[in-house]
1. Could you list, in sequence order, all residues of the range 142-169 that are over 18 Å from the mean Cα position of the chain (by Cα) and part of a helix (DSSP H, G or I)?
2. I'd like to check something: does the range 74-83 contain any residue that is within 18 Å of residue 164 (Cα to Cα) and either touching a Pro at 6+ places or on another chain (Cβ under 6 Å) or buried (at least 16 other Cβ atoms within 10 Å of the Cβ) (or both)?
3. Would you check if residue 139 is in the same structural domain as residue 77 (by TED's automatic domain parsing), under 19 Å from residue 167 (Cβ atoms) and either part of a helix (DSSP H, G or I) or touching a Ser or Thr at 6+ places or on another chain (Cβ under 7 Å) (or both)?
4. Let me confirm something: among 35, 25, 88, 75, which residue is outside the structural domain of residue 177 (by TED's automatic domain parsing) and touching a helix residue (DSSP H, G or I) at 6+ places or on another chain (Cβ under 6 Å)?
5. Does the range 119-126 include one or more residues that are outside any helix (DSSP H, G or I) and closer than 30 Å to residue 55 by Cα?
6. Pairs only if they're at least six apart or on different chains, beta carbon under 9 angstrom, first in the range 120-143 and touching a residue at least 12 places away in the same chain (Cβ under 8 Å), second hydroxyl-bearing (Ser, Thr, Tyr) and crowded, with 17+ Cβ neighbours inside 10 Å; list them, first residue then second.
7. Conditions: (1) charged (D, E, K, R); (2) in contact with a Lys or Arg (Cβ under 8 Å, 6 or more places away or on another chain); (3) more than 23 Å from residue 109 (Cα to Cα). Residue 79 meets all but one. Number of the miss?
Amino acid sequence: MARTPARERLLRAAAELFYENGMTATGIDAVTARAGVARMSLYNNFASKDALVLAYLAERHEEWLALYRERLATARGPREGVLAVVDAYLDHAHLPQAAGSPYRGCGLLNAAAELGPQDPGREAVRTHKEEVEAILCGHLAEDLAPARAAEVAEHIAFLLEGATTRAGLEGDSARLRRARTLIAAILDNELGPTDAARAESARA
């Protein structure tokens, strides 16, 4: 069986340790020990710890995008497109638990809290969050005027990020599940209720 490349093992180890303990508290020696590689192997793959951090942030971004695309593949229309974004947040929240670690919130926001205002890593996190909001806006713009789509997308993004922060504080995804319910209600108001909701209302 082929051995996992050192770069991949280093990124996996960094992802685990940065998420569990924070980036500042995680030294190079801890990463190489978890990865099972020599210290020089890290510098053969990454110019510095800062470069490793940027690679970690990029991988977290791609990880979320993959979950979103998987959800989007079965989505139909703007409502389901928005909920695909929300469900990707929930899927992402369950990844640490699947690996045996408690949920600690958004790894990207956690990282940004440790970085200086001008740090390239902080800009990478900002870009990711802006892309998520743009995705939401794109789905909503299928049925709403551009200005209204942008306003609702911002509102939903605030709900998602706030729920993610609270979920991280409490160590589970309950707040995110509640946010999904609230976002579904916003979509009912903005896009019109689903057929199931109309039928339920008619029976009432």
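The values are calculated or read from the model by the stated rules, or taken from the named source; none is laboratory data. This one's a predicted model, so the numbers in the text were calculated from it and none came from an experiment. Glycine gets a Cβ as well: all are built from the backbone with ideal geometry, and neighbour counts include every protein chain shown.
1. 146, 147, 148, 149, 150, 151, 152
2. The answer is yes, given that some residue of the range 74-83 is within 18 Å of residue 164 (Cα to Cα) and either touching a Pro at 6+ places or on another chain (Cβ under 6 Å) or buried (at least 16 other Cβ atoms within 10 Å of the Cβ) (or both).
3. Taking the combined requirement at face value, the residue does not satisfy it.
4. Step by step, each of 35, 25, 88, 75 is checked, and only 35 is outside the structural domain of residue 177 (by TED's automatic domain parsing) and touching a helix residue (DSSP H, G or I) at 6+ places or on another chain (Cβ under 6 Å).
5. Among the residues of the range 119-126, at least one is outside any helix (DSSP H, G or I) and closer than 30 Å to residue 55 by Cα, which makes the answer yes.
6. From residues that are touching a residue at least 12 places away in the same chain (Cβ under 8 Å), the pairs are 121/56; 132/68; 132/89; 135/68.
7. Just one mismatch for residue 79, condition (2).
Conditions (1) among the hydrophobic types (A, V, I, L, M, F, W, C); (2) more than 26 Å from residue 112 (Cα to Cα), marked per residue:
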{"residue": "4", "(1), (2)": "no, yes"}
{"residue": "10", "(1), (2)": "yes, no"}
{"residue": "17", "(1), (2)": "yes, no"}
{"residue": "21", "(1), (2)": "no, no"}
{"residue": "31", "(1), (2)": "yes, no"}
{"residue": "34", "(1), (2)": "no, no"}
{"residue": "42", "(1), (2)": "yes, no"}
